[in-house]
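Only one structure is covered here, and it is reproduced in the block below.
All of the numbers you see were taken from the coordinates with simple rules; none came from a lab. Computed from a prediction, not measured in an experiment: that's the story for all the values here. As a convention, Cβ positions derive from the backbone with ideal geometry for all residues, glycine included, and neighbour counts pool all protein chains shown.
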Amino acid sequence: MRTLSAYVHIPFCASRCGYCDFNTYTAAELQRDGTSITSATYPDRVIAEVNWLRHANATDDRALSTVFFGGGTPTLIDSKELVRILHSLKSAYGFTDDAEITTEANPDSVSRQDLEILRAGGFTRISFGHQSSAKNVLALLERTHTPGKTWEAVSDARSAGFEHVSVDLIYGSPGETDADLAETLDQVSAADIDHVSAYSLIVEPGTRLAARVARGEIPNPSDDVAAHRYELIDEKLRSLEMTWYEVSNWSKPNGECRHNIAYWKNQDWLGIGPGAHAHANGTRSWNLKHPAAWAAKVDEGVSAIADSEVLTQMDVNHEDIMLGLRLREGLSLSVLGEAGLDQARLAVTEGLLEPNSFAEGKAVLTFQGRLLADGLVARLWA
């Protein structure tokens, strides 16, 4: 049976990081747009959308197996209000006995008391945006926290009783050195965490970082440098008994993010909040992007969905390849066409896919394959 999850988007940020192109807004940006949406008025509208969705999907009796509060910075909303939103989801849908409940947080956006309230209210997992321990890298990324604040927050989360604690890293920033990354990884190794997500810096169009690159102030991130840094990260995390389970994610045993795995396996999930995407029974939909437009529909008691699409079998196969290949458990060769199978056989000889797994009907990336995963997806889809 397909599982059901829920994603709750919190669009607020205290400041906008120069590399970020997410659907997020500072208070000043929202005020300039002339909207009354604030972190104080937002929770009631989220709960209203939860109740509308429950009514619209009255025949779906599945309990939620995972819930993820993302953003933005969810913890800019009062912790008690986040718990109230969570309880509205539980009241509307119910949770499975082993439900995973995650919130993202910036290290400087949550206090020990906040963490205690969140944990007591039902959150089981928290993911902190650390990015780097090097002050020069944090400055380039326009992050507001100090390196030590992350580890203080991690300690407080563990003291509050969180079962799983994760940190996000960004590597390959212009100006970052191997020594900078080593410092970050040394601090990761000393922290009481069971999960790491590490992403190569991407210069997204329309961001302040992209403008700085275009003006020649800083160079474009180097693919070769990023590959080298990925190797350093993988080596260090393996020494900490963290195993990769997706190309950009490592965890200790049973520390995987089950919510993200549901995405990668194309399970069903609700999308709540402005710009949130949803997936159900082969149909993908997404909400109106701007908080004011979204809120207007919620206030009217009607759907906030901007548009939707029904995935064709070709779409599903493409996504199975694109997402499944990134997982440690691998991709079933049965989803590949003959041309894709030929490319997979060639990838085995090139050292990009594990030969033993291939013999068992799976395409599983080698370390070198992980470095070239995007290109290999395109070949297998041929």
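In straight-distance terms, cross-link reach from residue 289 covers every one of the aspartates and glutamates whose alpha-carbon lies under 16 Å from its own, apart from those fewer than eight places away in the same chain; here that gives 21, 29, 33, 49, 299, 307. Rounded to whole numbers, the Karplus 3J(HN,Hα) couplings from phi for segment 123-140 are 6, 10, 9, 9, 10, 9, x, 8, 6, 6, 9, 8, 4, 5, 6, 4, 5, 5 Hz, using 6.51 cos²θ - 1.76 cosθ + 1.60 with θ = phi - 60°, and x at Gly and Pro. The alpha carbon gyration tensor of segment 314-380 gives principal lengths a ≥ b ≥ c with a/c below 1.5, which makes the shape rounded. Scan segment 204-295 for trypsin sites (Lys or Arg not before Pro) in coil per DSSP, keeping those whose Cβ has at most 12 other Cβ atoms within 10 Å, and list them by number. Filter output for segment 204-295: 215. Each stretch of four or more DSSP H residues adds -39500 (n - 2.57); spread over every residue of the chain, this sum gives -12500 deg cm²/dmol at 222 nm.
Please state, as a whole number in µm²/s, the translational diffusion coefficient that the Stokes-Einstein equation yields for the chain at 25 °C and 0.890 mPa s, with Rh defined as the Kirkwood radius across alpha carbon pairs. Kindly include the intermediate steps, with their values, before the conclusion.
Working: Rh = 22.0 Å.
The Stokes-Einstein estimate is 112 µm²/s.
Computed about the Cα centre, the dipole magnitude for segment 4-264 is approximately 680 debye when only Lys and Arg (+1) and Asp and Glu (-1) carry charge, each at its Cβ.
Across segment 200-289, the convex hull enclosing all Cα atoms gives 145 Å³ per residue. Amide H contacts under 5 Å for residue 131: 168, 169, 170, restricted to partners 5 or more places along the chain or on a different chain, H placed in the peptide plane at 1.01 Å from N. The dipole here belongs to segment 314-380: it is taken about the Cα centre, uses +1 on the Cβ of Lys and Arg and -1 on the Cβ of Asp and Glu, and is about 200 debye.
Membrane-span-like helices in the chain: DSSP H runs reaching 20 Å or more (Cα, own axis), mean Kyte hydropathy at least -0.5?
Working: long enough: 42-56 (21 Å, -0.41); 79-93 (21 Å, -0.05); 147-160 (21 Å, -0.79); 223-239 (24 Å, -0.93).
TM-like helix candidates: 42-56, 79-93.
Take residue 222, project a point 7 Å from its Cα along the Cβ direction, then tell me which residues of segment 170-200 have their backbone nitrogen under 12 Å from it. Answer for this model: 172-178.
Beyond a 30 Å Cα-Cα separation, which of these cross-linked pairs lie in this structure: 90/135; 135/236; 80/236; 236/362? Can you show the working numbers first?
Numbers: 90/135 41 Å; 135/236 21 Å; 80/236 37 Å; 236/362 27 Å.
From 90/135; 135/236; 80/236; 236/362, over 30 Å: 90/135; 80/236.
Exposed loop sites here mean GluC sites (Glu not before Pro) with a DSSP loop assignment and at most 16 other beta-carbon atoms within 10 Å; the chain contains its longest site-free run at 1-141.
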